[in-house]
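Heads up: the structure comes next, in structure tokens.
The values are calculated or read from the model by the stated rules, or taken from the named source; none is laboratory data. Note that the coordinates shown come from a computational prediction; the quantities given were computed from them, not determined experimentally. Cβ placement follows ideal geometry from the backbone for every residue including glycine, while neighbour counts extend to all protein chains displayed.
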Ligand code: ATP
């Protein structure tokens with residue numbers, strides 16, 4: 001069980017961006033998809049959450065056919081998406097941004113409990129709960145985006161370049177916080193141009209080039225690969 005993608009074809013209008021991609025994120029897995037600018041990583045996550053309609057192949061999550069679902073019904077399966085560029089609500093408070101992630105959670109006690117867990121993970125957000133989110137630093141805004149996704153209590157959290165625009169120290173912090181989330185049983189699928197960070201924290205990874213998966217393996221294997229070291233790690 002988990003996420004299973006088979007021969008996925010997807011793109012925009014008549015332009016195919018993903019050419020028969022297959023990958024899996026097992027229950028409890030931590031998977032990274034790495035690749036250069038324009039490889040199709042964002043398109044992959046959008047195809048899973050349904051905001052880009054796939055043209056062929058299949059995406060199944062815990063036995064549910066995602067391609068048969070409109071985008072707004074994907075979160076019901078407890079899949080959360082932290083989009084590229086965060087896309088938080090800049091004029092709402094931190095608290096209201098977080099609560100927006102819990103729109104599907106009807107149980108008030110559960111919402112309060114999850115909020116407490118998010119504040120434990122990101123104490124900074126608790127301190128700044130009343131602050132307008134658009135006035136936070138980049139790192140804090142990324143915490144809001146991740147925290148908002150966690151308010152769903154997702155089984156699978158998908159992140160689009162969580163390290164983008166963050167100073168190296170904050171990249172490390174963000175990945176340590178994600179490791180905690182993963183440690184509590186959430187499956188993680190992330191896409192990254194920052195191959196070094198991705199291969200440091202994920203258990204397994206896929207390399208995507210021009211809409212195709214060209215390599216996959218454990219992060220350790222990929223870190224040791226001559227090709228990866230030259231092309232992506234600059235070693
Ligand atoms: P980046 O890291 O720069 O975001 P990426 O690997 O996530 O890159 P995508 O954003 O998925 O790549 O883009 C893959 C290809 O799809 C690119 O050639 C891009 O120009 C194209 N593309 C993305 N969005 C659209 C769109 N809305 N309409 C048409 N083409 C698009």
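Quick notes on this structure:
- For residue 38, the criteria (1) within 16 Å of the ligand (Cβ to nearest atom); (2) part of a loop (DSSP other than H, G, I, E, B); (3) at pLDDT 95 or above; (4) at positive phi hold in every case but one, which is (3).
- Tally of residues being part of a strand (DSSP E or B), within 14 Å of the ligand (Cβ to nearest atom) and more than 16 Å from residue 212 (Cβ to Cβ) across the range 1-17: 1
- Within the range 197-235, being at pLDDT 90 or above and within 15 Å of the ligand (Cβ to nearest atom) holds for 197, 198, 205, 206, 207, 208, 209, 210, 211, 212, 213, 214.
- Elements of type helices (runs of 4 or more DSSP H) contained in the range 120-235, each with 1 or more residues being closer than 23 Å to residue 2 by Cβ, in contact (Cβ under 8 Å) with a residue 24 or more places away in the chain and in contact with a strand residue (DSSP E or B) (Cβ under 9 Å, 6 or more places away or on another chain): 138-150, 168-183, 195-201, 219-224
- Condition met for residue 165 (on the phi > 0 side of the Ramachandran plot and in the same structural domain as residue 74 (by the TED database)): yes
- Exactly one residue out of 25, 52, 33 is touching a helix residue (DSSP H, G or I) at 6+ places or on another chain (Cβ under 7 Å), within 21 Å of residue 218 (Cα to Cα) and buried (at least 17 other Cβ atoms within 10 Å of the Cβ), and it is 33.
Each row is one residue, and each column tells you yes or no for (1) within 16 Å of the ligand (Cβ to nearest atom); (2) over 12 Å from the mean Cα position of the chain (by Cα); (3) within 24 Å of residue 41 (Cβ to Cβ).
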position: 133; (1), (2), (3): no, yes, no
position: 141; (1), (2), (3): no, yes, yes
position: 152; (1), (2), (3): no, yes, yes
position: 159; (1), (2), (3): yes, no, yes
position: 170; (1), (2), (3): no, yes, yes
position: 176; (1), (2), (3): no, yes, yes
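- Residue pairs whose Cβ atoms lie under 7 Å apart, separated by 6 or more positions or on different chains, with the first residue in the range 14-28 and outside the structural domain of residue 209 (by the TED database) and the second part of a strand (DSSP E or B) and within 11 Å of the ligand (Cβ to nearest atom), are 17/10; 17/11; 18/10; 18/11.
- The single condition from (1) out of contact with any helix residue (DSSP H, G or I) (no Cβ under 7 Å at 6 or more places or on another chain); (2) more than 10 Å from the ligand (Cβ to nearest atom); (3) within 19 Å of residue 188 (Cα to Cα) that residue 20 fails is (3).
- Lone qualifier among 180, 221, 192, 226 - being touching a helix residue (DSSP H, G or I) at 6+ places or on another chain (Cβ under 8 Å) and surrounded by fewer than 16 Cβ atoms within 10 Å (Cβ to Cβ): 180
- When residue 44 is tested against the conditions (1) within 16 Å of the ligand (Cβ to nearest atom); (2) surrounded by fewer than 23 Cβ atoms within 10 Å (Cβ to Cβ); (3) assigned by the TED database to the domain that holds residue 215, the lone failure is (2).
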